[in-house]
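The values are calculated or read from the model by the stated rules, or taken from the named source; none is laboratory data. Note that the structure is a prediction, hence the values are computed from the model and not measured. So basically every Cβ, Gly included, is an ideal-geometry build from the backbone, and we count neighbours across all protein chains shown. Side chains included, ligands, DNA and RNA excluded: accessible areas come from the protein's heavy atoms. Shrake-Rupley method; radii C 1.70, N 1.55, O 1.52, S 1.80 Å.
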Amino acid sequence: ELKVEQNPLFLSMQEGKNYTIYCNYSTTSDRLYWYRQDPGKSLESLFVLLSNGAVKQEGRLMASLDTKARLSTLHITAAVHDLSATYFCAVGLSGDMRFGAGTRLTVKP
Amino acid sequence: EAGVAQSPRYKIIEKRQSVAFWCNPISGHATLYWYQQILGQGPKLLIQFQNNGVVDDSQLPKDRFSAERLKGVDSTLKIQPAKLEDSAVYLCASSLQSIGGYGYTFGSGTRLTVV
């Protein structure tokens, strides 16, 4: 059974600081998704990573994928308050995705 | 393009009652998913449709949950009878294809509270 583990589950950071969220998964997959969810809202697609070594960046967020290590990272650079949200990774399995538990990020002034 | 539409946004029912949710995916998206998201957890897949056929319903509690996708477009998810543990947000998502680099677009969800 595919297991997707994110850490940390909770992250409180100061504005301007950098941090990385990790996503480990247990079986082979070549698709990794990152989503953002604001409280009471639906999920917003951030990145789709399709191959080993893939790196994508959007603003202060950068995601990477290492399929051999079964690891994806979401790096936050110079955090700002607007990035406060819950971030989910999801691993592609056949035709669907399996989600991690999410990382609840709070960025404090 | 219009997003994934879901209704209702909120629903409160008593246990043992029935409830139905509706989803209209993005036009042209062949694949439709229903996810259950319990508070504080990641979404869990309930059922996946490809056009109007079921691809995966292995995690759907079939004794109480049912879903259909008429004519390969709209979909409904029903719970009968509801239990307290069914309290969750039910998310519908659609995708152009089921496999590959296509992202999934999620609807706003239906928040169900069973009392």
Checking B:Gly53, B:Gly103, B:Gly40 against a Gaussian network model of chain B (alpha-carbon springs below 10 Å), the top fluctuating residue turns out to be B:Gly40
Summing both sides, how much accessible area is buried between B and A? Use a 1.4 Å probe and give Å² to the nearest 100. 1500
So how far, in whole Å, is the C-alpha centre of the stretch A:39-58 from the one of the stretch B:1-57? 21
So if I restrict to the alpha-carbon atoms in the stretch A:4-108, what is the Rg, and what is Dmax, the biggest pairwise distance, in Å? 12.9, 39
What's the magnitude of the charge dipole for chain A around its Cα centre, counting Lys and Arg as +1 and Asp and Glu as -1 at the beta-carbon? Answer in Debye, nearest 20. 140
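Run the dipole for chain B about the Cα centre, Lys and Arg Cβ at +1, Asp and Glu Cβ at -1, nothing else charged, and hand back the magnitude in debye, nearest 20. Please list the in-between numbers first.
Working: 12 positive and 9 negative charges, 63 e Å.
Dipole size: approximately 300 debye.
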So the number of lysine pairs in the stretch B:1-98 with alpha-carbon atoms under 17 angstrom apart, 8 or more residues apart or on different chains, is 8
Residues in the stretch A:10-29 near a label at A:Met62, defined as backbone nitrogen under 18 Å from the 7 Å Cα→Cβ point? A:16-23
Where is the GNM fluctuation largest for chain B (alpha-carbon springs, 10 angstrom cutoff): B:Ser87, B:Ser95, B:Ser27? B:Ser27
Two-decimal ratio, the protein assembly as shown, of alpha-carbon radius of gyration to 2.2 N^0.38 Å: 1.02
Could you check the spin-label model distance between A:Lys3 and A:Lys41? Points 7 Å from the Cα along Cα→Cβ, value in nm. 3.2
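If you stretched the chain out fully between B:Ala30 and B:Leu96, how much longer would it get, using 0.36 nm times the residue separation minus the C-alpha to C-alpha distance?
Working: separation 66, 0.36 × 66 = 23.76 nm, distance 0.57 nm.
The B:Ala30-B:Leu96 span can extend by a further 23.2 nm.
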Test assert for the stretch A:11-43: residues whose accessible surface shrinks by at least 20 Å² between chain alone and all chains, 1.4 Å probe, equal A:Arg31, A:Tyr33, A:Tyr35, A:Gln37, A:Gly40, A:Ser42, A:Leu43
Would chain B count as rounded, prolate or oblate if I go by the C-alpha gyration tensor, calling it rounded below 1.5 in a/c and otherwise prolate when a/b exceeds b/c, oblate otherwise? prolate
So how strong a dipole does the protein assembly as shown carry about its Cα centre when Lys and Arg Cβ are +1 and Asp and Glu Cβ are -1, to the nearest 20 debye? 360
Return a single number: how many Lys pairs in chain A, at a sequence separation of 8 or more or on separate chains, have alpha-carbon atoms below 28 angstrom apart. 10
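Return the FRET efficiency for the residue pair A:Met13, B:Glu85: r is the Cβ-Cβ distance, R0 is 41 Å, and the value is rounded to the nearest 0.05. Could the numbers behind the result be given before it?
Values: r = 34 Å, r/R0 = 0.83.
Taking R0 as 41 Å, the efficiency between A:Met13 and B:Glu85 is 0.75.
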Between B:Arg9 and A:Leu71, what is the label-to-label distance in nm when each label sits 7 Å out along the Cα-to-Cβ direction? 4.2
Got a sec to turn the phi values of the stretch B:22-28 into Karplus ³J(HN,Hα) couplings, 6.51 cos²θ - 1.76 cosθ + 1.60 with θ = phi - 60°, whole Hz, x for Gly and Pro? 10, 9, 10, x, 5, 4, x
